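What follows is a short report on a single structure.
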Amino acid sequence: MIKSKKIRDSARNESCSLRVHPQCQDGETVVFCHLQSNYRGMGFKSPDLFGVYGCSWCHSWLDSGKVDMHDQMRALQETQMKLHDKGLIKVK
C-alpha cells in the first residue's frame, strides 16, 4: 500500500479540489480525501496516489457517494499537479 504522511499533510490550508458542495470552503477544513478505487475495501483506504484535497463538506459528499466520477477525476488531476509542483510526486 502506498502511504505518505507528507502527501496527506500537504492538504493543510490548501484549496478544495473537489468543489462539489454548495458550502465548499478552502483552508482549515481541507484534508487529503481518498477516492473510491479497486484498492479500497472494508477498513482499507485507497493508496495515497488516489486522493484529492477536499474541505469537510465536499469530503462528506465524497464518502457518501454523491460525487460523480467526472468531478473525482478533475479533482485528482488538480491535486496531482499540486503534489508534483510541491515535489511530493515525480515522473521519471
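The values are calculated or read from the model by the stated rules, or taken from the named source; none is laboratory data. This one's a predicted model, so the numbers in the text were calculated from it and none came from an experiment. Glycine gets a Cβ as well: all are built from the backbone with ideal geometry, and neighbour counts include every protein chain shown.
The set of residues in the range 47-92 that are among the β-branched types (Val, Ile, Thr) and over 9 Å from the mean Cα position of the chain (by Cα) comprises 67, 89, 91. Only one of the numbered conditions (1) of a type in the set (Ser, Thr, Tyr); (2) closer than 13 Å to residue 11 by Cα; (3) modelled with pLDDT under 95 is not met by residue 79, and that is (3). I'm checking my understanding of the structure. Among residues of the range 30-47 that are out of contact with any strand residue (DSSP E or B) (no Cβ under 9 Å at 6 or more places or on another chain) and assigned to a loop (DSSP other than H, G, I, E, B), which one is modelled with the highest pLDDT? Among them, the one singled out is 36. Which of the residues belonging to the range 15-30 are surrounded by fewer than 20 Cβ atoms within 10 Å (Cβ to Cβ) and either of a type in the set (Asp, Glu) or within 10 Å of residue 56 (Cβ to Cβ) (or both)? Answer for the range 15-30, where residues must be surrounded by fewer than 20 Cβ atoms within 10 Å (Cβ to Cβ) and either of a type in the set (Asp, Glu) or within 10 Å of residue 56 (Cβ to Cβ) (or both): 21, 23, 24, 25, 26, 28, 29.
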